[in-house]
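Note sheet for the following structure.
The values are calculated or read from the model by the stated rules, or taken from the named source; none is laboratory data. Remember, predicted model here, so these are calculated numbers, not experimental data. Cβ coordinates were reconstructed from backbone atoms using ideal geometry, including for glycine residues, and neighbour counts include every protein chain displayed. For the accessible areas, the whole protein counts, side chains as well, though only heavy atoms, and no ligand, DNA or RNA atoms are used. Shrake-Rupley method; radii C 1.70, N 1.55, O 1.52, S 1.80 Å.
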Amino acid sequence: MVTMEEKIKLFYKLLNQSMDGKLKDELKDLEDIYESKAQKSMADTDKEVKEIEEKARKKAETRRAESLSKSKVIIKKDIMALKEKYYVIFMDKFNEKLVEFVQSKEYKSYLSNIISKIVAEIKSYENCDLLIYLSKNDIDKYSDFVKAEINKEFNFNISFKPNPDIKGGLAAEIKEKNIKIDSSINAVVEDNKMYIMQTIFEALEVGDYNG
């Protein structure tokens, strides 16, 4: 016959066994939950790291593109500054040669050629008042020659005015017709400034390639 004490011991034994099994199940469930959470946390962390890396990469690419763009602008400015520098050097030498040319025998033929071109443009305005701009030196030296050349075939009322900016050649103006033709050497050089600069720079590049 099972005594009351033995029944109590058996009850506790069965209770402990039941509790141990339940605890194991609960612990297993907790382990599964935390394992799942840990994996999700790692996945989220990996995703966040990748997003940060992608943002950093795009930011770096943007900065690189901006840097390249700024570098191109700086290089372009440096090139233009270099062209201007050598253009100034060229013009200094050109002006030296120009002084020599204006004082040479060939200069008179040069003036005659300019006059022929100007007359061809204004011949339909014969008998108008024609104002000729020359350097002070050329007025003193060539005004009679210029007047005679212009009126070889046509008749204009010619007057002269010195222009300190003109270093050679001449400009002609018919005020009443609002016509001005600038064939001074200054105007010719200015009109061809970019071509001259480009030619100079190309010559410099060739020099660099040839060592």
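What residue, among those in the range 58-88 that are touching a residue at least 40 places away in the same chain (Cβ under 8 Å) and among the hydroxyl-bearing types (Ser, Thr, Tyr), is surrounded by the fewest Cβ atoms within 10 Å (Cβ to Cβ)?
Among them, the one singled out is TYR86.
Do we have ALA43 as among the hydrophobic types (A, V, I, L, M, F, W, C) and either modelled with pLDDT under 75 or open to solvent by less than 60 Å² (accessible area, probe 1.4 Å) (or both) here? I'd like the intermediate steps shown before the answer.
Details: among the hydrophobic types (A, V, I, L, M, F, W, C): yes; either modelled with pLDDT under 75 or open to solvent by less than 60 Å² (accessible area, probe 1.4 Å) (or both): yes.
So ALA43 passes the test.
So that you can scan it fast, the table gives a plain yes or no per residue for (1) charged (D, E, K, R); (2) under 42 Å from the mean Cα position of the chain (by Cα):
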{"residue": "ASP129", "(1), (2)": "yes, no"}
{"residue": "ASP138", "(1), (2)": "yes, yes"}
{"residue": "LYS141", "(1), (2)": "yes, no"}
{"residue": "ALA172", "(1), (2)": "no, yes"}
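Which pairs do you get when a residue that is on the phi < 0 side of the Ramachandran plot, found in the range 171-192, comes within reach of a residue that is of a type in the set (Phe, Trp, Tyr), reach meaning Cβ atoms under 8 angstrom, with the pair 6+ apart or on two chains?
Short answer, once both residue conditions are applied: ALA171/TYR133; ALA172/TYR133; GLU173/TYR133; ILE174/TYR125; LYS177/TYR125; ILE179/TYR125; SER184/TYR133; VAL189/PHE94.
Please determine whether any residue of the range 89-108 is under 21 Å from the mean Cα position of the chain (by Cα) and open to solvent by less than 70 Å² (accessible area, probe 1.4 Å).
The initial filter retains those residues of the range 89-108 that are under 21 Å from the mean Cα position of the chain (by Cα), namely none.
Looking for residues that are under 21 Å from the mean Cα position of the chain (by Cα) and open to solvent by less than 70 Å² (accessible area, probe 1.4 Å), one finds none in the range 89-108, hence no.
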